[in-house]
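Here's the structure we're looking at; comments come further down.
The values are calculated or read from the model by the stated rules, or taken from the named source; none is laboratory data. Please read all numbers here as calculations on a predicted model, not as lab measurements. FYI the Cβ positions are ideal-geometry reconstructions off the backbone, even for glycines, and counts take in every protein chain you see. Only protein heavy atoms, including side chains, enter the accessible area calculation; ligands, DNA and RNA are left aside. Shrake-Rupley method; radii C 1.70, N 1.55, O 1.52, S 1.80 Å.
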Amino acid sequence: MGKKEKDIKTNAVRMVEAHGIPYELRTYDGSHGFVDGVTAARETGIEEERCFKTLVLVGHSRQHYVCVIPVARELDLKKAARHFGEKNMEMIHAKDITKITGYIKGGCSPVGMKKLFPTAIDVTAVSFSEIGVSGGKIGLQMELPPHELAALVNAEFADLTKKERPEEVR
(Lines give C-alpha, C1' and ligand atoms only; values in the text may rest on other atoms or scores of the structure.)
Protein backbone atom coordinates (compact mmCIF):
# COMPACT_ATOMS: atom_id res chain seq x y z
CA MET A 1 0.00 0.00 0.00
CA GLY A 2 1.45 3.35 -1.02
CA LYS A 3 1.84 6.32 1.30
CA LYS A 4 -1.12 8.02 -0.39
CA GLU A 5 -3.48 5.18 0.54
CA LYS A 6 -2.12 4.97 4.11
CA ASP A 7 -2.97 8.62 4.69
CA ILE A 8 -6.64 8.27 3.70
CA LYS A 9 -8.86 8.37 6.78
CA THR A 10 -12.63 8.07 6.38
CA ASN A 11 -15.07 6.95 9.07
CA ALA A 12 -14.94 3.48 7.54
CA VAL A 13 -11.13 3.30 7.60
CA ARG A 14 -10.96 4.64 11.16
CA MET A 15 -13.47 2.06 12.42
CA VAL A 16 -11.71 -0.85 10.71
CA GLU A 17 -8.37 0.27 12.16
CA ALA A 18 -9.86 0.81 15.64
CA HIS A 19 -11.06 -2.81 15.64
CA GLY A 20 -7.73 -4.18 14.39
CA ILE A 21 -9.21 -5.63 11.22
CA PRO A 22 -6.68 -6.28 8.45
CA TYR A 23 -7.52 -4.30 5.31
CA GLU A 24 -6.07 -2.93 2.12
CA LEU A 25 -7.14 0.24 0.36
CA ARG A 26 -7.40 0.54 -3.40
CA THR A 27 -8.00 3.83 -5.14
CA TYR A 28 -9.45 4.81 -8.51
CA ASP A 29 -10.13 8.15 -10.16
CA GLY A 30 -13.23 9.48 -8.46
CA SER A 31 -12.75 13.07 -9.58
CA HIS A 32 -15.74 12.90 -11.91
CA GLY A 33 -18.11 11.74 -9.16
CA PHE A 34 -20.23 8.60 -9.04
CA VAL A 35 -19.17 5.55 -11.05
CA ASP A 36 -20.98 2.25 -10.98
CA GLY A 37 -19.61 -0.66 -8.94
CA VAL A 38 -18.50 -2.68 -11.95
CA THR A 39 -16.34 0.25 -13.11
CA ALA A 40 -14.93 0.70 -9.59
CA ALA A 41 -14.07 -3.00 -9.49
CA ARG A 42 -12.37 -2.87 -12.88
CA GLU A 43 -10.38 0.27 -12.02
CA THR A 44 -9.16 -1.10 -8.68
CA GLY A 45 -8.37 -4.57 -10.02
CA ILE A 46 -10.82 -6.30 -7.66
CA GLU A 47 -12.70 -9.09 -9.42
CA GLU A 48 -16.43 -8.30 -9.86
CA GLU A 49 -17.41 -11.34 -7.80
CA ARG A 50 -15.35 -10.05 -4.83
CA CYS A 51 -16.35 -6.39 -5.13
CA PHE A 52 -19.56 -5.51 -3.27
CA LYS A 53 -21.86 -2.48 -3.34
CA THR A 54 -23.73 -1.05 -0.36
CA LEU A 55 -27.46 -0.48 -0.80
CA VAL A 56 -29.68 1.29 1.70
CA LEU A 57 -33.35 0.38 1.85
CA VAL A 58 -36.45 1.32 3.76
CA GLY A 59 -39.00 -1.25 4.86
CA HIS A 60 -42.78 -1.07 5.18
CA SER A 61 -42.18 -0.28 8.88
CA ARG A 62 -40.11 2.82 7.81
CA GLN A 63 -36.98 1.20 9.35
CA HIS A 64 -33.77 1.47 7.29
CA TYR A 65 -31.69 -1.54 6.28
CA VAL A 66 -28.36 -2.15 4.54
CA CYS A 67 -27.66 -4.84 1.95
CA VAL A 68 -24.14 -5.54 0.69
CA ILE A 69 -24.18 -7.41 -2.62
CA PRO A 70 -21.80 -8.14 -5.53
CA VAL A 71 -21.49 -5.10 -7.83
CA ALA A 72 -22.62 -6.96 -10.95
CA ARG A 73 -25.70 -8.49 -9.33
CA GLU A 74 -29.18 -7.10 -8.70
CA LEU A 75 -30.82 -7.02 -5.29
CA ASP A 76 -33.97 -9.14 -4.94
CA LEU A 77 -36.24 -6.89 -2.86
CA LYS A 78 -38.52 -9.79 -1.93
CA LYS A 79 -35.61 -11.82 -0.55
CA ALA A 80 -34.35 -8.79 1.39
CA ALA A 81 -37.82 -8.11 2.83
CA ARG A 82 -38.17 -11.76 3.87
CA HIS A 83 -34.74 -11.75 5.48
CA PHE A 84 -35.48 -8.64 7.55
CA GLY A 85 -39.08 -9.65 8.34
CA GLU A 86 -40.64 -6.78 6.40
CA LYS A 87 -43.81 -6.86 4.29
CA ASN A 88 -41.92 -5.08 1.50
CA MET A 89 -38.89 -2.90 0.93
CA GLU A 90 -37.66 -0.27 -1.49
CA MET A 91 -34.41 1.50 -2.15
CA ILE A 92 -34.09 4.90 -0.48
CA HIS A 93 -33.98 7.91 -2.80
CA ALA A 94 -30.45 8.91 -3.80
CA LYS A 95 -31.08 12.42 -2.43
CA ASP A 96 -31.57 10.92 1.06
CA ILE A 97 -28.33 8.91 1.22
CA THR A 98 -26.24 11.58 2.96
CA LYS A 99 -28.97 12.50 5.45
CA ILE A 100 -29.48 8.84 6.44
CA THR A 101 -25.94 7.42 6.27
CA GLY A 102 -23.51 10.34 6.35
CA TYR A 103 -22.02 9.13 3.05
CA ILE A 104 -22.65 10.22 -0.53
CA LYS A 105 -23.90 8.14 -3.48
CA GLY A 106 -20.98 6.13 -4.80
CA GLY A 107 -19.06 6.42 -1.53
CA CYS A 108 -21.45 4.66 0.84
CA SER A 109 -19.65 2.10 2.98
CA PRO A 110 -21.39 -0.46 5.20
CA VAL A 111 -18.88 0.63 7.89
CA GLY A 112 -19.12 3.92 9.73
CA MET A 113 -22.62 5.10 8.88
CA LYS A 114 -24.30 7.64 11.18
CA LYS A 115 -26.25 4.77 12.72
CA LEU A 116 -25.76 1.00 12.77
CA PHE A 117 -28.67 -0.28 10.67
CA PRO A 118 -29.71 -3.94 10.40
CA THR A 119 -27.32 -5.26 7.76
CA ALA A 120 -27.10 -8.33 5.53
CA ILE A 121 -24.20 -9.35 3.31
CA ASP A 122 -24.86 -11.58 0.31
CA VAL A 123 -23.93 -15.17 1.10
CA THR A 124 -21.53 -15.30 -1.86
CA ALA A 125 -19.08 -13.24 0.24
CA VAL A 126 -18.21 -16.25 2.38
CA SER A 127 -16.56 -17.86 -0.67
CA PHE A 128 -13.72 -15.33 -0.49
CA SER A 129 -10.97 -14.60 2.01
CA GLU A 130 -11.40 -10.87 1.27
CA ILE A 131 -14.09 -8.76 -0.37
CA GLY A 132 -14.02 -5.18 -1.54
CA VAL A 133 -16.47 -2.57 -0.26
CA SER A 134 -16.51 1.20 -0.43
CA GLY A 135 -13.91 2.78 1.80
CA GLY A 136 -16.27 5.66 2.56
CA LYS A 137 -15.72 8.00 -0.35
CA ILE A 138 -15.83 7.97 -4.13
CA GLY A 139 -12.53 6.66 -5.46
CA LEU A 140 -11.76 4.43 -2.49
CA GLN A 141 -12.34 0.69 -2.09
CA MET A 142 -11.39 -1.28 1.00
CA GLU A 143 -10.63 -5.01 0.94
CA LEU A 144 -11.21 -6.96 4.16
CA PRO A 145 -12.28 -10.43 5.33
CA PRO A 146 -16.07 -10.86 4.99
CA HIS A 147 -16.52 -12.44 8.43
CA GLU A 148 -14.63 -9.55 10.06
CA LEU A 149 -16.83 -7.07 8.17
CA ALA A 150 -19.94 -8.94 9.30
CA ALA A 151 -18.82 -8.90 12.93
CA LEU A 152 -18.00 -5.18 12.77
CA VAL A 153 -21.42 -4.13 11.43
CA ASN A 154 -23.37 -6.91 13.18
CA ALA A 155 -24.43 -8.34 9.80
CA GLU A 156 -25.83 -11.70 8.82
CA PHE A 157 -25.08 -13.53 5.58
CA ALA A 158 -28.15 -14.12 3.40
CA ASP A 159 -29.20 -14.92 -0.16
CA LEU A 160 -30.06 -11.41 -1.38
CA THR A 161 -29.64 -11.33 -5.16
CA LYS A 162 -31.76 -12.21 -8.14
CA LYS A 163 -30.74 -15.38 -9.88
CA GLU A 164 -28.84 -14.76 -13.09
CA ARG A 165 -30.47 -15.96 -16.28
CA PRO A 166 -28.17 -17.98 -18.56
CA GLU A 167 -27.94 -15.14 -21.12
CA GLU A 168 -26.69 -12.79 -18.36
CA VAL A 169 -23.75 -14.99 -17.41
CA ARG A 170 -20.53 -13.63 -18.91
The extension gain from Ser127 to Lys9, computed as 0.36 nm times the residue separation minus the Cα-Cα distance, is 39.6 nm
A 1.4 Å probe over the protein heavy atoms gives the chain a carbon and sulfur accessible-area percentage of 51 percent
Cα extents of the range 126-168 per principal axis, largest first, Å, are 33, 26, 17
Against the 2.2 N^0.38 Å rule of thumb, the C-alpha Rg of the range 80-130 sits at a ratio of 1.31
If N is the residue count of the range 6-52, its Cα Rg over 2.2 N^0.38 Å rounds to 1.27
The range 1-158: relative contact order from alpha carbon pairs under 8 Å, six or more residues apart, as a whole percent, is 29 percent
Within the range 55-170, the percent of DSSP beta bridges that are antiparallel, given to the nearest 5, stands at 65 percent
Contour minus Cα-Cα span, His60 to Glu164, at 0.36 nm per residue, comes to 34.8 nm
The orientation-averaged projected area of the Cα convex hull of the chain, in nm², is 9.7 nm²
Ratio for the range 16-117, C-alpha Rg to 2.2 N^0.38 Å, reads 1.13
Treating only Lys and Arg (+1) and Asp and Glu (-1) as charged, each at its beta carbon, one finds that the range 56-128 has a dipole about its Cα centre, in Debye to the nearest 20, of 220 debye
Relative contact order of the range 76-159 (C-alpha contacts under 8 Å, at least 6 apart) in percent is 27 percent
Per the 1/(1 + (r/R0)^6) rule, R0 = 45 Å and r from the Cβ atoms of Asp29 and Lys87, FRET efficiency to 0.05 is 0.60
Across Arg26, Arg42, Arg50, the residue with the highest GNM fluctuation in the chain (Cα network, 10 Å cutoff) is Arg42
In terms of the charge dipole of the chain, which places +1 on Lys and Arg and -1 on Asp and Glu at the beta carbon, the residue among Ile138, Leu57, Ala151 farthest towards the positive end is Leu57
Which of Ser134, Ser31, Ser109 fluctuates most in a GNM of the chain (C-alpha springs under 10 Å)? That residue is Ser31
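Taking 0.36 nm per residue of sequence separation and subtracting the Cα-Cα distance, how much length would be gained by fully extending the chain between Lys78 and Lys105, in nm to one decimal?
Details: separation 27, 0.36 × 27 = 9.72 nm, distance 2.32 nm.
Using 0.36 nm per residue and subtracting the Cα-Cα distance, I get 7.4 nm.
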Within the set Pro70, Pro118, Pro110, GNM on the chain using Cα springs under 10 Å gives the largest fluctuation to Pro118
Taking r as the C-beta separation of Lys95 and Lys115 and R0 as 22 Å, the FRET efficiency to the nearest 0.05 is 0.75
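Residues of the range 79-170: accessible area per residue at 1.4 Å, in Å²?
I get 51 Å² per residue for this part.
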Amide H contacts under 5 Å for Ile92, restricted to residues at least 5 apart in sequence or on another chain and with H modeled in the peptide plane, are Val56, Leu57, Val58
